[in-house]
Amino acid sequence: MSAALLRKGLNLMSGDVKVQGRKANRGQPSAADRLANTTKKGRMKQLERIRRQLETNKATVKGKIVKSALEEYKKNKAADHTEENLRYLLGSKQLTESSITQKVEMYSRGRKAKDRPKLKKVKKEETRIFSERDFKKFEREYFGAS
């Protein structure tokens, strides 16, 4: 077991213990001597418990369930919901008004001018102030009898 793993394990177990690198530890007591238990047996138990925890945390293939690639593909494959959606849309009897539908379509189109439909200009009916009889009368009075 490496010294770095041991240091990390000791730091996890007791937050107040700070063990420096190898060069800084010269002349200082070892990490095992800094443990809470002072007896040799207590220290050994504690070190063994830390070692077991470090070993169990390793990522291994043992105990892993191997899954078939085909099963994974089928599970993650995108499903086609078109038929369900069509049945739902055709099954609904509630119809919206055409003016509301046109508004929704207009809002959902793009904002660029090329995406907007050309609005049809509604021609107003020409209303005449003077009738044909009035024109004939004016013509007779102004230009003379014709």
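Bear in mind these aren't lab numbers, they're just calculated from the coordinates by the rules spelled out. Predicted, not measured: the structure shown is a model, and the values here were computed from it. In this analysis, Cβ positions are derived from the backbone assuming ideal geometry, glycine residues included, and neighbour counts consider all displayed protein chains.
Using a Cα-Cα cut-off of under 19 Å, which aspartates and glutamates could be cross-linked to Lys41, ignoring same-chain neighbours fewer than 8 residues away?
Result set, ordered by chain and number: Asp33.
Of Lys103/Lys123; Lys75/Lys112; Lys93/Lys124, which ones are farther than 32 Å apart at the Cα? All intermediate terms of the calculation are to be shown ahead of the outcome.
Values: Lys103/Lys123 22 Å; Lys75/Lys112 41 Å; Lys93/Lys124 38 Å.
The answer is Lys75/Lys112; Lys93/Lys124.
Out of the stretch 97-142, which GluC sites (Glu not before Pro) are coil in DSSP terms and have no more than 10 other C-beta atoms within 10 Å? Display every interim value, and only then the final one.
On the way: sites: Glu97, Glu105, Glu125, Glu126, Glu132, Glu139, Glu141; in loops: Glu97, Glu125, Glu126.
Counting only loop positions with at most 10 other Cβ atoms within 10 Å, the GluC sites (Glu not before Pro) in the stretch 97-142 are Glu97, Glu125, Glu126.
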